[in-house]
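J.: If you scroll down you'll find the structure; I have some questions about it.
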Amino acid sequence: MSINGKVALVTGAGQGIGRAIALRLANDGADITIVDLNPEKMNEVAEAVRSTGSKATVFKADVSNRNEVYAAIDHTEKELGGFDIIVNNAGIASIQPLADVTPEGFNRIIQVNVAGVLWGIQAAAKKFQERKQKGKIISASSIAGHEGFPLLGIYSATKFAVRALTQAAAKEYASAGITVNAYCPGVVGTDMWVEIDRRMAEITGAKIGESYDKFVGGIALGRAQTPEDVAAFVSYLAGPDSDYMTGQAPLIDGGLVYR
Ligand SMILES: NC(=O)c1ccc[n+]([C@@H]2O[C@H](COP(=O)([O-])OP(=O)(O)OC[C@H]3O[C@@H](n4cnc5c(N)ncnc54)[C@H](O)[C@@H]3O)[C@@H](O)[C@H]2O)c1
């Protein structure tokens with residue numbers, strides 16, 4: 001219960017890793033704002049959060065829209081009476097050879113994965129400073145934020161960018177008592193990987209499931225990652241045990257990429 005009574009906003013919390021983070025932080029005692037694009041999914045997660053005894057509110061926002069991100073934080077403060085933690089988790093994948101990347105596709109993934117994180121960082125820091133309080137900013141990077149993978153080139157570029165923003169923001173906001181960190185999962189069996197595997201099959205001729213199995217086969221601990229594995233580390237980043245940590249983006253991948 002180390003974050004008992006705190007208020008956390010999680011983006012992309014309608015499913016997958018974001019959903020698991022919302023539930024973990026709720027079980028840790030925090031009240032939660034669920035931000036995503038799909039109201040039905042958000043409402044299901046809100047009910048699950050409430051069943052832990054924590055409060056939940058939902059806010060539909062596209063993280064690539066700066067105004068909507070600011071509005072989500074205002075909503076959080078109004079509905080839950082505070083604001084202590086943001087998890088910039090929302091992200092999309094893009095799977096194709098570099099030769100096939102178009103300006104439209106490149107702009108979209110930059111807008112969601114990079115600008116979406118930037119708006120979350122700046123809006124959260126502004127609110128923490130207005131409220132004259134400390135705060136925790138946590139964002140989703142990836143193993144692909146430490147190493148470029150074939151067919152995932154522009155996705156990797158966005159996740160490297162999340163690490164750059166995390167380092168710069170950590171330095172800019174340290175004196176305000178705000179810490180900024182990221183988490184770098186490996187291969188998590190969510191809808192995102194279903195899509196990555198499907199596209200890899202389409203491009204390479206591999207069977208459905210083969211690319212996923214190949215990646216999982218490279219994991220030292222011998223199994224795919226669960227959303228709960230990621231959420232456990234985010235719980236640490238959200239809580240007081242990580243107070244002396246800032247500007248970091250550790251790998252939590254079962255032993256796949258070593259830095
Ligand atoms: N799945 C993995 O193996 C893996 C590995 C490393 C990093 N990550 C990162 O973790 C994060 C979560 O991944 P996931 O596997 O749970 O993905 P997912 O596709 O299962 O879920 C992503 C959620 O984000 C939401 N979302 C997408 N674009 C949005 C936008 N513009 N505004 C608001 N919400 C939006 C979606 O609606 C969805 O609910 C992503 O940033 C992803 O890049 C995932």
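Each value in this text was obtained by applying a stated rule to the coordinates, not by laboratory testing. Just so it is clear, the model here is predicted, and its values are computed rather than measured.
J.: Quote the relative contact order of the chain in percent (integer), defining contacts as alpha-carbon pairs under 8 Å separated by 6+ residues.
T.: 19
J.: Does anyone have the angle between helix 16-27 and the longest principal axis of the chain? Alpha-carbon axes, 0 to 90°, nearest 10?
T.: So the helix axis and the longest Cα principal axis differ by about 30 degrees.
J.: Treating only the Cα positions of the chain as identical point scatterers, give the base-10 log of I(q)/I(0) from the Debye formula at each q in 0.07, 0.09 Å⁻¹.
T.: Taken in order of the listed q values, log10 I(q)/I(0) reads -0.22, -0.37.
J.: Same structure, new question: For the Cα atoms of the chain, what angle does the longest principal axis make with the long axis of helix 227-238, in degrees from 0 to 90, nearest 10?
T.: With both axes taken from Cα atoms, the answer is about 40 degrees.
J.: Separation of region 116-152 and region 1-56 by C-alpha centroid, Å?
T.: Comparing the Cα centres of region 116-152 and region 1-56, I get a distance of 18 Å.
J.: With angles folded into 0 to 90 degrees, how steeply does helix 39-50 sit against the dominant principal axis of the chain? Use alpha carbons for both and round to 10.
T.: Compared with the principal axis, the helix lies near 60 degrees.
J.: Let me ask another. Report, as a whole number in µm² per second, the diffusion coefficient that Stokes-Einstein gives for region 161-242 at 20 °C and 1.002 mPa s using the Kirkwood radius over alpha carbon pairs.
T.: Rounded to a whole number, D works out at 142 µm²/s.
J.: Sort largest first and round to whole Å: the equivalent ellipsoid semi-axes of region 4-118, each the square root of five times a Cα gyration tensor eigenvalue.
T.: 28, 14, 11
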